[in-house]
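Please treat every number below as a calculation from the coordinates, not as lab data. This is a predicted model, so every value here is computed, not measured. All Cβ positions, glycine included, derive from the backbone under ideal geometry; neighbour counts span all protein chains shown.
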Ligand code: NAD
């Protein structure tokens, strides 16, 4: 398959990441079926698209016609077969749980046409952990977008030992067609490039908070104003979800059994209390007024 053969994209999961990846692909001219098991999540995704597109027209970023085209290109469904049955390319962006992703890849392998490439947007699960449940491991790779996916330019394309060069290159090309600046990892590594660097910063920020050296507000302020980052580590975790931070650290701890990799006491406390960041109205900061 070559990039011009990709006409229809299926996005699995309409959460934080999936709804924006789906909308982005629709704006870029692809037919997109976005599937989720949650009707509520699909409704939210549809409402977001309905609000976002006129907003882009008002700002002069899209013409009425382009917005209309994007709206026509995109549909939401709870039926994975409807979304993936005729897809040339699938981007899986469902909940970060290995067993769930394995089930989804098994289903996708059964449902999608034989030529379809299957990518996972997982932040930490390398595609070799899911490729084995399919009969097409060479057509599987990681394609890791950043939050918010409509805005962030980077995509990490990760080539596993099973991934063919053609698959990795097609993922790079598709990312470019979606307006991104992809980077290619020639081998799998836990956390890829960006999250490895980010984890080092977050761990240090949590250490400084937990040991009472400074407040989250001041740590964020220092990182923004001294290092030039657009967001401090606590604001960023509130955006990406403290539940994600917790799961990621637990996953790493399970892998390494190194107590230094355990989630920090503050992360555990916030996870247990359900204070997961913006999506729950409270995380390191309070968003209940927004
Ligand atoms: P999320 O919890 O916001 O959304 C996940 C969605 O998956 C939910 O809507 C859920 O209903 C749906 N889902 C669960 N089981 C499903 C199934 N069987 N079929 C279809 N949909 C199903 O999570 P998210 O933050 O969007 O993360 C999704 C993926 O993207 C994860 O693998 C995560 O690691 C990765 N990711 C997240 C971020 C981030 O900043 N949040 C950034 C990059 C990558």
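Running a GNM on the chain with Cα contacts under 10 Å, which residue among 48, 105, 192 ends up with the highest mean-square fluctuation? Taking springs between Cα atoms under 10 Å, the residue moving most is 48.
For the chain, the longest principal axis of the Cα atoms and the long axis of helix 216-227 meet at an angle of about 70 degrees.
Can you give the FRET efficiency for residue 97 and residue 189, using 1/(1 + (r/R0)^6), R0 = 25 Å, r = Cβ-Cβ distance, to the nearest 0.05?
On the way: r = 21 Å, r/R0 = 0.82.
The computed FRET efficiency comes out at 0.75.
With the highest mean first, a sort of the peptides 7-20, 173-186 on other beta-carbon atoms found within 10 angstrom per residue produces 7-20, 173-186.
Taking a cut-off of 21 Å, what percent of all Cα-Cα pairs in segment 143-279 are separated by more than that? Walk me through the numbers before you get to the answer.
Values: 4662 of 9316 pairs.
Of all Cα-Cα pairs in segment 143-279, 50 percent lie more than 21 Å apart.
Note on the chain: helix-only mean residue ellipticity at 222 nm, from DSSP H runs of 4+ residues weighted -39500 (n - 2.57) and normalised by residue number, equals -14500 deg cm²/dmol. The angle between the Cα long axis of helix 64-73 and the longest principal axis of the Cα atoms of the chain comes to about 80 degrees, rounded to the nearest 10. Semi-axis lengths, largest first, of the ellipsoid equivalent to segment 1-103 are 23, 17, 11 Å, with √(5λ) applied to each eigenvalue of the Cα gyration tensor.
Report the equivalent ellipsoid semi-axes for segment 3-52 in whole Å, largest first, defined as the square roots of five times the eigenvalues of the gyration tensor built from alpha carbon atoms.
On the way: eigenvalues 76, 28, 11 Å².
Equivalent ellipsoid of segment 3-52: 19, 12, 7 Å, largest first.
Angle of helix 242-256 to the longest C-alpha principal axis of the chain, folded into 0 to 90 degrees and rounded to 10: 90°.
Once the chain from residue 207 to residue 38 is taken as fully extended at 0.36 nm per residue, the excess over their C-alpha distance is 57.2 nm. Counting 0.36 nm for each residue step from residue 266 to residue 176 and taking away their Cα separation leaves a gain of 28.5 nm. Expressed in Å, the radius of gyration and Dmax of the Cα atoms of the chain are 19.2, 56.
Which of the peptides 58-67, 111-120 is most tightly packed, and how do the rest follow, going by the mean number of other Cβ atoms within 10 Å of each residue? Spell out each step's value before the answer.
On the way: 58-67: 12.2, 111-120: 20.8.
The peptides rank, most packed first, as 111-120, 58-67.
Size estimate for segment 29-87 follows the Kirkwood approach: the inverse of mean 1/r over distinct Cα pairs works out to 12.2 Å.
Here segment 192-239 and segment 1-44 have alpha carbon centers that stand 31 Å from each other. If you plug the beta carbon distance of residue 287 and residue 64 into 1/(1 + (r/R0)^6) with R0 = 35 Å, you get a FRET efficiency near 0.60. Per the Debye calculation on segment 149-207 with a single equal scatterer at every Cα and no solvent contribution, log₁₀ I(q)/I(0) for q = 0.12 Å⁻¹ amounts to -0.36.
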